[in-house]
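I have placed the structure first, in the form of structure tokens, so that the comments after it can refer back to it.
The values are calculated or read from the model by the stated rules, or taken from the named source; none is laboratory data. Predicted, not measured: the structure shown is a model, and the values here were computed from it. A quick note on method: Cβ atoms are made from the backbone with ideal geometry, for glycine too, and the neighbour counts reach across all protein chains shown. Heavy atoms of the whole protein, side chains included, go into the accessibility calculation; ligands, DNA and RNA do not. Shrake-Rupley method; radii C 1.70, N 1.55, O 1.52, S 1.80 Å.
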Amino acid sequence: MDFINSIPTHMDYDGQKRAENLSRLIITLFGVVGLVWGYIIQQFSQTVYILGAGFVLACLLTVPPWPMYRRKPLQWQKQKESESTTHSKSKKKK
């Protein structure tokens with residue numbers, strides 16, 4: 001169970017952008033190649049198969065949070081004291 005919890009499941013914002021661009025590129029290229037190939041051999045099914053293969057490849061490369069998508073993590077600021085706790089502390093002092 002510790003192994004499963006140790007698997008990173010996050011992707012930084014820059015990684016999300018790269019994954020989105022890569023998936024669009026792969027699907028577009030496979031779509032164009034599939035359309036041209038299907039037109040040449042006059043088989044629309046080949047176009048669909050090639051586009052499906054591009055979709056599967058895009059999913060394998062972009063859905064898991066590979067290390068190439070986690071290169072620029074955000075450094076979050078520390079949490080400030082909320083206003084409700086500030087008001088309650090000031091009420092207690094009075």
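Within the chain, the percentage of alpha carbon pairs spaced more than 17 angstrom apart rounds to 68%. Once the Cα atoms of helix 44-62 and of the chain are each reduced to a long axis, what angle between those two axes, in degrees from 0 to 90 to the nearest 10, is obtained? For 44-62 against the chain, the angle is about 30 degrees. Taking label positions 7 Å along the Cα-Cβ direction at both Trp76 and Leu57, the computed distance is 3.7 nm, reported to one decimal.
Can you compute the charge dipole magnitude of the chain about its Cα centre, using +1 on each Lys and Arg Cβ and -1 on each Asp and Glu Cβ, nothing else charged? Give it in debye, rounded to the nearest 20.
Values: 13 positive and 6 negative charges, 209 e Å.
Once rounded to the nearest 20, the dipole reads 1000 debye.
Between Val33 and Ile7, the simple spin-label model (points 7 angstrom out along Cα→Cβ) gives 2.8 nm. Helix content alone sets the calculated 222 nm mean residue ellipticity of the chain: runs of n ≥ 4 DSSP H residues at -39500 (n - 2.57) each, divided across all residues, give -22500 deg cm²/dmol.
Ranked from the most accessible area to the least, with a 1.4 Å probe and all protein chains present, what is the order of Arg71, Arg24? Each step should come with its number before you reach the end.
Details: Arg71 165, Arg24 145 Å².
The ordering from most to least exposed comes out as Arg71, Arg24.
Roughly what angle does helix 13-41 make with the longest principal axis of the chain, taking Cα atoms, 0 to 90 degrees, to the nearest 10? Between the helix axis and the principal axis of the chain, the angle is about 10 degrees.
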